[in-house]
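The values are calculated or read from the model by the stated rules, or taken from the named source; none is laboratory data. Since this is a predicted model, take the numbers as computed values, not measurements. For neighbour counting, all protein chains shown are included, and Cβ atoms are generated from backbone atoms with ideal geometry for every residue, glycine included.
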C-alpha cells in the first residue's frame, strides 16, 4: 500500500505517539468546543456542506448506514432526518467526541436509530457487506493509513453500495490568498482563544495542505477498488464531495 504525505502530518510533532493516538487525544481535548468552533469558523456553512453530502445518497435510500469519523454525530443526525434509514452506526476514535454525540442523540430521542461506538476506520467491527452506504465528513485526512482505511470501508459496503466523502480542499484563484491567511493564522488563533488548543487548528491547515485532493483522490479511490467515482467542489473549492461505488458484480 502507498503512503501519502498527509499520512505523516501529526498534531504534535514532538510526540512519540502514532498519528491515530495523537488525533484521538487532540479531539478529546477540544470536544467540548468542537461544535461551537465548527459553526463559528465556517459561519455556519458547514451545516449546508453536510446536507449536500447526505443528499448524494438520497436516490439509493440506504437502510443501513455507517458514518466513519463521526465526531459529535452531526452527519449521523442529519442523515437520520434526511434519509430515514433503519439503522445508522457511527464510529470515531475519540471517546470525548462520542460522549458529546451520544448526549445529542439522546436529547433528540434517536437512540433506536443511531448508535455511536468507538471504532477505527482501519479495523471496522462489522461483517463484510454490512452497509448500503458509508459517509466520512472531514475525517479521511485523519486516517493514519489512507488506503488501508478506504479498503476497510470498501469491505463493509454491500455490492452496489456507495461511499460519500466530504473533505477540505484548497481553493483556486484570488480567493486562495485569503483562504490561506485564514487557515494559517486566524483559525489557529480562534482555536486557541476558545478551546485553548492552537495546535489542533494548525494541524487542520497542515493536513489540508498535504491531502491528495481532487482528481488525485479519485485515482486513489479507483486504485483501492471503487468505481463510478466523482467529485463536486463546494464554496469556491473550500471543500469537496467525493463519491464512489462498490462494484455489484
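Observations on the model:
- Some residue of segment 49-65 being over 24 Å from residue 229 (Cα atoms) and touching a strand residue (DSSP E or B) at 6+ places or on another chain (Cβ under 9 Å): no
- Qualifying positions in segment 34-54 - surrounded by fewer than 17 Cβ atoms within 10 Å (Cβ to Cβ) and either touching a helix residue (DSSP H, G or I) at 6+ places or on another chain (Cβ under 7 Å) or modelled with pLDDT under 85 (or both): 36, 39, 40, 42, 43, 44, 45, 51
- Once segment 71-85 is narrowed to residues that are in contact with a strand residue (DSSP E or B) (Cβ under 8 Å, 6 or more places away or on another chain) and surrounded by fewer than 24 Cβ atoms within 10 Å (Cβ to Cβ), the residue that is farthest from residue 111 (Cα to Cα) is 83.
- The residues of segment 212-237 include none that are touching a strand residue (DSSP E or B) at 6+ places or on another chain (Cβ under 7 Å) and at pLDDT below 90.
- Qualifying residue in segment 18-31 (condition: at pLDDT below 95, in a loop (DSSP other than H, G, I, E, B) and either in contact with a strand residue (DSSP E or B) (Cβ under 9 Å, 6 or more places away or on another chain) or more than 24 Å from residue 231 (Cβ to Cβ) (or both)): yes
- Helices (runs of 4 or more DSSP H) fully within segment 66-181 counting 3 or more residues that are in contact (Cβ under 8 Å) with a residue 12 or more places away in the chain, closer than 22 Å to residue 22 by Cβ and in contact with a helix residue (DSSP H, G or I) (Cβ under 7 Å, 6 or more places away or on another chain): 95-107, 146-156
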